[in-house]
Amino acid sequence: GTSVDVTTTGGNGATGDLGVASILRWQGPASLTLAAYRNVSVTSGTTIANDGAGNLTLRADATGVDNGGSVSNLGTVDWSKSAGIVSLLYDMNGRYSPGTLLGNASWTAPVYSGLVTQITAYKLVNSLTDLQNISLDLAGNYALGKDIDASATILTSTHSSGVDFIPLGSAATPFTGQFDGMGHVIDQFSQNEIYSPSGTKAIGLFGEIGTAGVVRNVGITNTAFYEGQDDILDNVPIVITFGILAGRNRGLITYAYTSGYRGATHYGNAPIGGLVGTNDGLIERSWSSATVGDAGDAGGLVGANLGRIVQSFATGQVVTQTFGSPGGLVGVNSGTVSQSYATGYVLGLSAAGGLAFANSGLIEQSFASGDVPTRSYQGPFFHPIFGGIVAYGAGGTLASNVYWDKETTTQTASTGDVSQLPASNGLTTAQMSNPSSFDVSWDFSPTGVWVMPAGATHPILRWQLAQ
């Protein structure tokens, strides 16, 4: 069947409300979207049902103006025989009446969707104020109603900003709900330095995402994060971790991306990443082009990885000061990195790695191709430790299907401190552009994980083609 979108505008003095007063039932994968300028309602005795794989969206306040748009279901939404999903979206200052909602007991979330439930009601986030108000209910479900202009938070100097945005969630009260960007972006987001004289500080749009928390389908673009104070306030040490999307992730992040700059100086070995500072959970199909600068554990995507990173990548520069620990994708990895890559420039004072600075975990089916220039700090206790993949092996495992471009990285060894992979895993740029150069575990088939675009100098992940 053919999917149908119906939208009311509220023009010519009309209220812009949309009501369903007749039974709607269809089979197959076609989807139905009913979007109202203000309110959406399903009248009593009315049923909307699908018996295939169709989706239903009931969207109030279709233009995202916070007009109190509400969703009121006085009838029945029956998805008990459907593999599709139902999304009910209403304003934070609106109302939601769920009515009768019937789900499929055997429903399973599509792979990489990040969905938790088949039928989900979301509060719409239409402004920077709405975004901050997520902190009032950190277990709620939220969706961006449109792109958010966050330029009011832009730093006017290193230590001041227009609007102080408080990170959403903390170690004590993490974000445990669902946040779906619906493909929208939060643009020109910045953040002032926010301190607590005790405990861990996780700083980003989300401070800490809890184990049940999910963030998906969102971009944070043209950011400018600068932190520049010492890591001790009133003589009480605080542990800080910095990311653009999240300071710390213990849950799930999927299809999220960032761009801009994420900096933090004078924080010792504080983890800092272009997407997440510290990852204890799962990051999948996400990426960052942000430039990362720091004096601590710095990664193009993640500062410190204790969890899993799957089918993700980083393209931004990672440049550290003093004795920072820079890696193209991850600063320090003690978890798992799989089917991922880094292409950005990585600069360290006396050590750096194309994919990770240090690895005590597992890296598999991944590659690095960014420039890793060898530098030598002038001091009696230092000697250069640089690697095409990692600087320090740290007892970790580099699988035999991990590669680096020995020409673009300018590195002849996979690891700076120990011998881990044979020199043959260091490929020329010409070899990097040929699928036959890679291990059989690299799937370049029409439905495989990897693809080699025409004229490319390295593989990319197949899912990128749809972005």
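The values are calculated or read from the model by the stated rules, or taken from the named source; none is laboratory data. Predicted model, so just to flag it, every value in this text is computed and none were measured. Using ideal geometry, Cβ is built from the backbone for each residue, glycine included, and neighbour counts are taken over all protein chains shown.
Can you tell me which of 97, 80, 106, 87 is under 30 Å from the mean Cα position of the chain (by Cα), more than 24 Å from residue 217 (Cα to Cα) and hydroxyl-bearing (Ser, Thr, Tyr)? First the steps, then the outcome.
Values: 97 fails: under 30 Å from the mean Cα position of the chain (by Cα); 80 fails: under 30 Å from the mean Cα position of the chain (by Cα); 87 fails: more than 24 Å from residue 217 (Cα to Cα).
After ruling out the rest, the residue left standing is 106.
Residue-by-condition table, conditions (1) without any contact (Cβ under 8 Å) to a residue 24 or more places away in the chain; (2) in contact with a helix residue (DSSP H, G or I) (Cβ under 6 Å, 6 or more places away or on another chain); (3) surrounded by fewer than 20 Cβ atoms within 10 Å (Cβ to Cβ):
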{"position": "74", "(1), (2), (3)": "no, no, yes"}
{"position": "90", "(1), (2), (3)": "no, no, no"}
{"position": "96", "(1), (2), (3)": "no, no, yes"}
{"position": "99", "(1), (2), (3)": "no, no, yes"}
{"position": "110", "(1), (2), (3)": "yes, no, yes"}
{"position": "125", "(1), (2), (3)": "no, yes, no"}
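Restricting attention to segment 454-467, the residues that are assigned to a loop (DSSP other than H, G, I, E, B) and either buried (at least 17 other Cβ atoms within 10 Å of the Cβ) or touching a residue at least 12 places away in the same chain (Cβ under 8 Å) (or both) add up to 4. Of the strands (runs of 3 or more DSSP E) lying entirely inside segment 27-103, none contains at least 3 residues that are over 21 Å from residue 117 (Cβ atoms).
On inspection, residue 439 passes the criterion of being in contact (Cβ under 8 Å) with a residue 12 or more places away in the chain, of a type outside the set (S, T, N, Q) and out of contact with any His (no Cβ under 6 Å at 6 or more places or on another chain). Just one of (1) buried (at least 20 other Cβ atoms within 10 Å of the Cβ); (2) free of Cβ contacts under 8 Å to residues at least 24 places away in the same chain; (3) not hydrophobic (A, V, I, L, M, F, W, C) fails for residue 424. It is (1). On inspection, residue 318 passes the criterion of being closer than 25 Å to residue 384 by Cα, in the same structural domain as residue 366 (by the TED database) and either surrounded by fewer than 24 Cβ atoms within 10 Å (Cβ to Cβ) or modelled with pLDDT of 95 or more (or both).
Could you tell me whether any residue of segment 82-92 is more than 21 Å from residue 143 (Cα to Cα) and in contact with a strand residue (DSSP E or B) (Cβ under 6 Å, 6 or more places away or on another chain)? It would help to see each step written out before you state the result.
Taking segment 82-92 as the starting set, the residues that turn out to be more than 21 Å from residue 143 (Cα to Cα) are 82-83.
Narrowing the set further to residues that are in contact with a strand residue (DSSP E or B) (Cβ under 6 Å, 6 or more places away or on another chain) leaves 82.
Yes, segment 82-92 contains at least one residue that is more than 21 Å from residue 143 (Cα to Cα) and in contact with a strand residue (DSSP E or B) (Cβ under 6 Å, 6 or more places away or on another chain).
Between 400, 436, 414, which is touching a helix residue (DSSP H, G or I) at 6+ places or on another chain (Cβ under 7 Å) and either closer than 21 Å to residue 460 by Cα or crowded, with 24+ Cβ neighbours inside 10 Å (or both)? From the options 400, 436, 414, the qualifying one is 414.
With the requirement that a residue be part of a loop (DSSP other than H, G, I, E, B) and more than 16 Å from residue 207 (Cα to Cα), what does segment 109-139 give you? Talk me through it step by step, then tell me what you get.
Residues of segment 109-139 part of a loop (DSSP other than H, G, I, E, B): 109-118, 126-127, 137-139.
Scanning segment 109-139 gives 109, 110, 111, 112, 113, 114, 115, 116, 117, 118, 126, 127.
Every residue in segment 137-150 that is loosely packed, with under 15 Cβ neighbours inside 10 Å and of a type in the set (Gly, Ala, Ser), please. Don't jump to the end; show me each part of the working.
Let us first name the residues in segment 137-150 that are loosely packed, with under 15 Cβ neighbours inside 10 Å, namely 137, 139, 149.
Listed by number, the list holds a single entry, 139.
Residue pairs whose Cβ atoms lie under 9 Å apart, separated by 6 or more positions or on different chains, with the first residue in segment 348-360 and assigned by the TED database to the domain that holds residue 293 and buried (at least 24 other Cβ atoms within 10 Å of the Cβ) and the second charged (D, E, K, R) and part of a strand (DSSP E or B), are 354/405; 357/297; 358/297.
Say we look at segment 231-265 and pick out the residues that are at pLDDT 90 or above and charged (D, E, K, R); which of these is surrounded by the most Cβ atoms within 10 Å (Cβ to Cβ)? The extreme case among them is 248. Scanning segment 108-126 for residues that are within 16 Å of residue 84 (Cβ to Cβ) and not small (Gly, Ala, Ser) yields 108, 110, 111, 115, 116, 117, 118, 119, 120.
Taken as a whole, the condition of being within 30 Å of residue 282 (Cβ to Cβ), modelled with pLDDT of 95 or more, among the hydroxyl-bearing types (Ser, Thr, Tyr) and surrounded by fewer than 18 Cβ atoms within 10 Å (Cβ to Cβ) does not apply to residue 129. With the requirement that a residue be among the hydrophobic types (A, V, I, L, M, F, W, C) and modelled with pLDDT under 85, what does segment 6-21 give you? Correct list: 14 only.
I'm trying to understand the selection: among the residues of segment 61-107, which are touching an Asp or Glu at 6+ places or on another chain (Cβ under 6 Å) and among the aliphatic types (A, V, I, L, M)? 92, 102 - these are the residues of segment 61-107 that are touching an Asp or Glu at 6+ places or on another chain (Cβ under 6 Å) and among the aliphatic types (A, V, I, L, M).
Residues 332, 310, 346: which one is within 17 Å of the chain's Cα centre (by Cα) and either closer than 19 Å to residue 257 by Cα or at pLDDT 95 or above (or both)?
Working: 332 fails: within 17 Å of the chain's Cα centre (by Cα); 346 fails: within 17 Å of the chain's Cα centre (by Cα).
The match here is 310.
Any chance segment 218-230 includes a residue that's outside any loop (DSSP other than H, G, I, E, B), modelled with pLDDT of 95 or more and small (Gly, Ala, Ser)? Yes, that holds for at least one residue.
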